[in-house]
Amino acid sequence: MGLRIKYHPILGEDLRKDMISIEVDGRAIPAYEGEPIAAALIASDIKTLRKTKRIGEPRSLFCARGVCTDCVMTVNGTPNIRTCITPVEKDMKIEKQEGLGNWGEEPK
Amino acid sequence: MRTLRFNVLSEEELMELPGFPSLDVIEKGKPVAVIECAEKIPCNPCEACCPQGAITVGEDINNLPSLDPYKCTGCGLCIAACPGLAIFVVRKAYNESDALISIPYEFLPLPEVGEQVEALDREGKKTCLAKVAKVRNSKKYDRTPVVSFTVPKEKCMEVRHIRLL
Amino acid sequence: MNEGEDIIICRCEEVSRNTIEDAIEQGCDTLDSIKRRTRAGMGLCQGRTCQRLIAGLLRNKTGKPLEELKPPNFRPPFRPISLGLLAQEGYRLRREDELRDGGK
Amino acid sequence: METELAVIGSGPGGLSAAIEAAKFGVKVAVVDENPKPGGQLFKQIHKFFGSEKHKAGVRGIDIGNQLLQQCQDFNVDLFLNTEAWAIFDNGKALGLKRGTDKIEKLSTKKLVLATGAMENSLAFPGWTLPGVLGAGGIQTLMNLHRVLPGQRVLIVGTGNVGLIVSYQLIQAGAEVVAVIDILPKIGGWGVHASKIRRLGTPILTFHTVKEATGNGEVKGAVIAKVGPGYKIIQGTERELKVDTIGIAVGLTPMAELAWSAGCQLAHVPELGGWVPVHNERMETTLKDIYVVGDVCGIGEASTAMEEGQISGIAAAESLGYLKRGKAEELLEERRKGLDTLRGGPFATHTKAGKGKLMKRYYKS
């Protein structure tokens with residue numbers, strides 16, 4: 001939480017109030033509704049957002065604007081979601097993505 | 001064209017600038033703007049904001065601003081108006097021993113009047129101690145507060161920033 | 001940068017500098033051929049992050065100025081989109097068009 | 001869905017195009033994949049340069065709000081969270097994906113591409129570690145989302161982006177351990193450099209980053225001096241304790257939409273790479289597609305806004321909402337504005353690059 005900017009000389013005080021809780025790999029993480037998922041995770045010091053498919057390298061936010069796709073995670077069961085531009089919603093379930101992720105069961 | 005490509009402006013380079021009020025005027029000790037703008041960038045809010053018409057950029061906004069030190073009253077509006085935060089007001093004869101320097105200060109926390117702070121030069125090196133005399137932060141300044149502080153007279157062309165203790 | 005030390009150039013497909021330089025040595029002289037040979041630039045970001053780095057390697061290795069290169073081919077969809085969605089929604093849109101054009 | 005003018009990208013260029021066209025009665029739709037409009041404006045918390053007319057002295061963030069207000073005043077439709085994933089029929093139709101599961105077709109008469117630019121990469125050992133980010137990415141995270149990526153930062157690159165982000169990191173409470181550049185001179189404006197120098201932040205030219213260290217995330221950065229040929233001078237390496245490395249080595253226009261739509265591109269180094277060929281009305285080689293802002297040459301927000309207005313006026317005229325004479329008068333005014341903004345020594349490159357592009361346009 002130390003990484004959130006509460007007071008800022010230009011932006012003023014952060015007046016957002018109620019935080020909600022999102023589930024990240026089974027752990028409850030505080031987040032503001034509407035902020036990018038990646039911002040909430042980094043504010044909670046979760047830097048590794050995924051592991052690459054070949055070498056298994058940890059990756060994190062890189063461009064922070066939806067271009068580089070390095071921050072993709074599995075969100076509510078859907079893999080490859082760019083967490084830098086996907087807003088936090090209530091009851092979100094987020095998982096660190098391994099490789100290309102798992103698309104889940106084939107629909108019947 | 002000037003090509004400022006050093007990490008800081010030297011005082012000699014400063015004195016050649018049309019925004020420099022001349023040593024005579026500074027010696028006289030009245031408050032006067034010191035415009036440390038050395039590159040032709042397209043910009044003219046300093047000219048537009050000056051109530052005395054003391055700063056001229058002209059038709060081509062790439063010109064360096066030039067200062068008429070006799071029109072300048074040292075009011076300090078240009079300190080907050082300059083997007084490059086490159087304007088300071090120096091009042092060498094603030095009192096017997098001290099000069100008063102006004103700078104833009106966009107950081108938190110803001111210093112308090114009467115507070116003792118470190119005075120830094122253009123390279124961020126500690127030069128001496130300073131005492132905060134005034135903190136202006138009205139709406140007009142649009143979140144660029146102007147902090148005035150006193151330093152020994154001989155430091156008035158050296159000190160350009162402060163660090164809270 | 002250390003000479004000889006290999007590093008990742010294409011972050012998505014994890015393609016290293018050595019792999020790309022080998023491909024250039026073996027005759028790949030366009031961004032497209034490098035992409036087809038090594039997969040560099042073929043990942044999720046579609047080469048947006050590494051294209052310039054690869055172009056630089058190509059220029060350094062072949063001496064060919066960038067002006068003579070063509071940007072790699074770029075086809076829709078420009079953003080990740082699932083084929084299922086494309087098929088399903090595409091069908092809906094076509095039906096709407098047909099209905100509007102007189103219900104053929 | 002149908003519109004008369006579709007704009008892809010809601011940064012300063014795209015919004016200005018939309019507003020200007022809508023002023024004359026054109027039906028306009030702006031598409032942006034982000035949840036918030038404004039492009040990169042809302043992370044620009046510093047006061048802008050320029051003249052009064054170009055909103056100089058106003059912070060980027062406030063210019064963004066002014067533009068959004070104007071969009072509302074002139075009934076511009078904004079489609080956010082909407083990705084343009086295809087351009088059909090020479091720009092006459094767009095494939096859109098709205099939210100996660102809705103696909104739409106947007107038919108239009110004219111199209112403005114205002115897709116902006118992306119940050120250049122710099123590959124060095126360790127550059128894929130969590131903690132290495134684009135400097136603009138850092139700026140987005142801290143100024144838009146109020147989260148700092150770390151506490152101790154090395155910035156690589158002394159262009160205006162590197163210098164401004166360094167200053168803003170310090171404003172947000174982080175420590176900038178150093179700003180380095182492999183080139184002999186600081187790339188950005190002296191005033192921006194002075195702002196961080198007087199805070200004591202070192203700017204080291206002739207320096208490069210040799211390696212990001214750390215296992216799993218950045219714990220340090222090895223920097224070193226470079227000599228002739230920009231080769232590292234052995235023995236000058238030293239490790240800085242940092243948890244974040246920001247890469248600020250320039251921008252590349254994102255011209256791939258224009259390219260795939262069939263617009264001719266040219267490689268113009270002065271403009272940042274491959275850019276769509278265009279004329280003084282910002283028309284590409286496909287006459288119904290316009291380009292404005294960084295996508296057709298890296299510049300400032302102020303120049304993007306002028307270019308946006310030019311395309312909006314040109315589109316309004318060719319759609320019949322404006323008489324030729326009146327349009328020319330308005331266009332001339334904007335072109336003069338552009339000339340002024342590009343009149344200084346820092347913009348000679350851009351000016352030359354734009355000249356090349358126009359030549360190409362009339363040759364084709």
Filtering the range D:35-81 down to residues that are under 15 Å from the mean Cα position of the chain (by Cα) and not β-branched (V, I, T) yields D:P37, D:G38, D:G39, D:Q40, D:L41, D:F42, D:K43, D:Q44, D:F48, D:G60, D:G64
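Look through D:A301, D:A316 and report the one residue that is buried (at least 24 other Cβ atoms within 10 Å of the Cβ) and under 22 Å from B:E59 (Cα atoms). It would help to see each step written out before you state the result.
Values: D:A316 fails: under 22 Å from B:E59 (Cα atoms).
Just one listed residue meets the conditions, D:A301.
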Apart from one, (1) touching a Gly at 6+ places or on another chain (Cβ under 6 Å); (2) within 8 Å of chain B (Cβ to nearest Cβ) all hold for D:G50; the odd one out is (1)
Expected single match for at negative phi, modelled with pLDDT under 95 and polar (S, T, N, Q) among D:T140, D:T128, D:T100, D:T115 is D:T100
Scanning the range D:319-342 residue by residue, those surrounded by 18 or more Cβ atoms within 10 Å (Cβ to Cβ), small (G, A, S) and over 27 Å from B:K40 (Cα atoms) turn out to be D:A327
All conditions in (1) surrounded by fewer than 23 Cβ atoms within 10 Å (Cβ to Cβ); (2) of a type in the set (A, V, I, L, M); (3) touching a strand residue (DSSP E or B) at 6+ places or on another chain (Cβ under 8 Å) are true of A:V88 except (1)
Of the conditions (1) surrounded by fewer than 20 Cβ atoms within 10 Å (Cβ to Cβ); (2) over 17 Å from B:E158 (Cβ atoms); (3) away from chain D (no Cβ under 14 Å); (4) of a type in the set (A, V, I, L, M), the single one that B:L23 does not satisfy is (2)
Note on D:G343: of the conditions (1) modelled with pLDDT of 95 or more; (2) closer than 24 Å to D:Q44 by Cβ; (3) among the small types (G, A, S), unmet is (1)
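Take the conditions in a helix (DSSP H, G or I), touching a residue at least 12 places away in the same chain (Cβ under 8 Å) and crowded, with 22+ Cβ neighbours inside 10 Å and apply them to D:E270. Does it pass? Reasoning before the result, please.
Working: in a helix (DSSP H, G or I): yes; touching a residue at least 12 places away in the same chain (Cβ under 8 Å): yes; crowded, with 22+ Cβ neighbours inside 10 Å: no.
Taking the combined requirement at face value, the residue does not satisfy it.
Regarding A:D91, is this residue under 30 Å from D:T252 (Cβ atoms), under 15 Å from the mean Cα position of the chain (by Cα), acidic (D, E) and in a loop (DSSP other than H, G, I, E, B)?
Here the answer is no, as A:D91 does not meet what is asked.
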Scanning the range C:53-72 for residues that are more than 13 Å from D:W274 (Cα to Cα) and either hydrophobic (A, V, I, L, M, F, W, C) or within 12 Å of the chain's Cα centre (by Cα) (or both) gives C:L53, C:I54, C:L57, C:L58
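From the list C:E98, C:E5, C:E13, C:E67, exactly one residue is among the charged types (D, E, K, R), closer than 24 Å to A:T69 by Cβ and either surrounded by fewer than 18 Cβ atoms within 10 Å (Cβ to Cβ) or within 10 Å of another protein chain (Cβ to nearest Cβ) (or both). Which is it? Step through it out loud before you land on a result.
Values: C:E98 fails: closer than 24 Å to A:T69 by Cβ; C:E5 fails: closer than 24 Å to A:T69 by Cβ; C:E67 fails: closer than 24 Å to A:T69 by Cβ.
Residue meeting the stated conditions: C:E13.
Filtering the range A:41-53 down to residues that are assigned to a helix (DSSP H, G or I) and facing another protein chain (nearest Cβ under 8 Å), which residue is farthest from D:R146 (Cα to Cα)? It would help to see each step written out before you state the result.
Initially, the range A:41-53 is screened for residues assigned to a helix (DSSP H, G or I), giving A:41-43.
Next cut, facing another protein chain (nearest Cβ under 8 Å) only: A:42-43.
Details: A:I42: 11, A:A43: 9 Å.
Per the stated criteria, the residue is A:I42.
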Q) Among the residues of the range D:246-258, is any within 10 Å of chain C (Cβ to nearest Cβ), among the polar types (S, T, N, Q) and in contact (Cβ under 8 Å) with a residue 60 or more places away in the chain? A) yes
Discussion item. Residues that are assigned to a loop (DSSP other than H, G, I, E, B), free of Cβ contacts under 8 Å to residues at least 12 places away in the same chain and of a type outside the set (A, V, I, L, M, F, W, C): does the range D:38-56 have at least one?
Written reply: no
Does D:V209 satisfy the condition of being within 11 Å of another protein chain (Cβ to nearest Cβ), surrounded by 22 or more Cβ atoms within 10 Å (Cβ to Cβ) and not in a strand (DSSP E or B)? no
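Being under 21 Å from D:L169 (Cβ atoms), in contact with a strand residue (DSSP E or B) (Cβ under 7 Å, 6 or more places away or on another chain) and either surrounded by fewer than 18 Cβ atoms within 10 Å (Cβ to Cβ) or within 14 Å of another protein chain (Cβ to nearest Cβ) (or both) narrows it down to one of B:L120, B:L129, B:L165, so name that one.
Step by step, each of B:L120, B:L129, B:L165 is checked, and only B:L120 is under 21 Å from D:L169 (Cβ atoms), in contact with a strand residue (DSSP E or B) (Cβ under 7 Å, 6 or more places away or on another chain) and either surrounded by fewer than 18 Cβ atoms within 10 Å (Cβ to Cβ) or within 14 Å of another protein chain (Cβ to nearest Cβ) (or both).
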Q. Mind checking whether some residue in the range B:50-61 is surrounded by 20 or more Cβ atoms within 10 Å (Cβ to Cβ), in contact (Cβ under 8 Å) with a residue 24 or more places away in the chain and not aliphatic (A, V, I, L, M)?
A. yes
task: State yes or no: is D:P269 over 26 Å from D:T140 (Cα atoms) and touching a Ser or Thr at 6+ places or on another chain (Cβ under 9 Å)?
output: no
Of the residues in the range A:54-71, those that are within 8 Å of chain D (Cβ to nearest Cβ) and among the hydroxyl-bearing types (S, T, Y) number 1
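The values are calculated or read from the model by the stated rules, or taken from the named source; none is laboratory data. Treat the numbers as computed from the prediction; the structure is a model and nothing was measured. Neighbour counts are summed over all protein chains in view; Cβ atoms, including those assigned to glycine, are modelled from backbone coordinates with ideal geometry.
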